[in-house]
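Structure first, commentary second.
The values are calculated or read from the model by the stated rules, or taken from the named source; none is laboratory data. Fair warning: this is a prediction, and the values are worked out from it, not measured in the lab. In this analysis, Cβ positions are derived from the backbone assuming ideal geometry, glycine residues included, and neighbour counts consider all displayed protein chains.
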Amino acid sequence: MRVDQIYTRSKLVFKLLLLSLSLWSVPQVIADEENCLNCHRYPLFGRMEANGEFYNFFVDEAAFRNSVHGRLACTACHSDVSNIPHTPAPEIVDCTQACHIEDPFSGTPFDHTRVAEKLNASIHGLKNDDVDEFKPDCKNCHINPQQISTESRVFAEVSGSCKRCHQPNGLSYAIKHMEFHGDSHEFWTQERKMMICASCHTDSTLVGDLFKDNMVSSFMETYHGVGFTFGDDRLPVCSDCHNHHSVFAQTDVRSSVHPLQLGQTCGGVDCHEDASDSFIEGSMHLRYTGWKSEILFWLKNIYILLIVGVIGFMVVHNILDFFKVRKMLIKHPLPPSSEQRFFLRLNRAERISHIIVFVSFSGLAVTGALL
């Protein structure tokens, strides 16, 4: 068993032990006592607006029960709904309201106030400028499909041992919640996190002049971006450096990418732990203007021209040489091996140097280390 697997299992066992001590008696899953699903269980249950836009209010019961919110009654979040039909129209759900179950560890009502405070103080939360309508809220990133909790293999194996003795119903939902927000969860992959950020930051109708130079494309051209393209899930994406909720401008000292904070950000666990001060002076985005942009443009094109020209010429030369030698052998067959004369093309030092160049160049090309 690998060290990281042992660490993950140990951490999960510790969490479950704490949970079991605080959850001697956990209530059963809340049934649909308000009969909301009498209507919302039907696909395409919704309304058509005058502008032709359709609002679907269908709720997949199985998916909802398996989510991190599966233990909550509908009115725990939709607290302003009290009659049928719902008039006036229900307000948009406020994720910061204290509508959640009691926190099993502190005994207090659980809510997302602390997370909301971080978001509201960040660049995404400030609502006092001309781009307010483009600022994301909780549900822009935590869209409904992402509330579905699927246990990872390791967590399912560990939690299965606890469920043999402890009451499985409420405990299983607490386990799902811990699993969803734990770092062992397999849903929040690097690809999914990247797509969440890119869904807005590549849409010019949303960001407009807010980001004139494309943040996503400038990241994808860097070493980390190229590694992400090839599926290396160890490399960081947007939220790993800019934080998930406390996102600030780079000039703000509270920002995780401010020059004073970069050492801690880049030197995090499993990243560049021994990074020097000069190392962190680089950029995660290839964005240059003026003479730097011109130099980069010409260097890039000259490099491509050299690669295509040299490798291309070598390939064409070898093909022509092959047909030339083949033609000569047909005209002038080789004498018997006993009569052949041998010439030393490369001495030992030259053979070793060619091997070193071939291996190192191939390794650099495959790994992308040239970047």
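Observations on the model:
- Positions within segment 235-279 being exposed (fewer than 15 other Cβ atoms within 10 Å of the Cβ) and aliphatic (A, V, I, L, M), in sequence order: Ala249, Val253, Leu260, Val269
- Any hit, segment 199-218, residues being modelled with pLDDT of 85 or more, outside any loop (DSSP other than H, G, I, E, B) and within 29 Å of Ala275 (Cβ to Cβ): yes
- Hits in segment 133-148 - residues which are modelled with pLDDT under 75, of a type outside the set (S, T, N, Q) and either assigned to a helix (DSSP H, G or I) or surrounded by fewer than 12 Cβ atoms within 10 Å (Cβ to Cβ) (or both): Glu133, Phe134, Ile143, Pro145
- Close pairs (7 angstrom Cβ cut-off, 6 or more residues apart or separate chains): assigned by TED's automatic domain parsing to the domain that holds Asn35 and modelled with pLDDT of 80 or more in segment 47-61, of a type in the set (Phe, Trp, Tyr) and assigned to a strand (DSSP E or B) anywhere: Arg47/Tyr55; Met48/Phe54
- Under the condition of being modelled with pLDDT under 85 and more than 15 Å from His86 (Cα to Cα), the residues counted in segment 29-42 number 5.
- Members of segment 111-132 found to be assigned to a loop (DSSP other than H, G, I, E, B) and modelled with pLDDT of 75 or more, listed by number: Asp111, His112, Ser122, Ile123, His124, Gly125
- Test: residue in segment 53-72 that is exposed (fewer than 12 other Cβ atoms within 10 Å of the Cβ) and among the basic types (Lys, Arg): no
- Hey, Arg287 surrounded by 10 or more Cβ atoms within 10 Å (Cβ to Cβ) and under 33 Å from the mean Cα position of the chain (by Cα) or not: yes
- Any hit, segment 344-359, residues being loosely packed, with under 10 Cβ neighbours inside 10 Å, at pLDDT below 90 and over 26 Å from Val310 (Cβ atoms): yes
- Residue within segment 296-309 that is surrounded by 10 or more Cβ atoms within 10 Å (Cβ to Cβ), in contact with a helix residue (DSSP H, G or I) (Cβ under 7 Å, 6 or more places away or on another chain) and either in contact (Cβ under 8 Å) with a residue 24 or more places away in the chain or closer than 30 Å to Gln190 by Cα (or both) present: no
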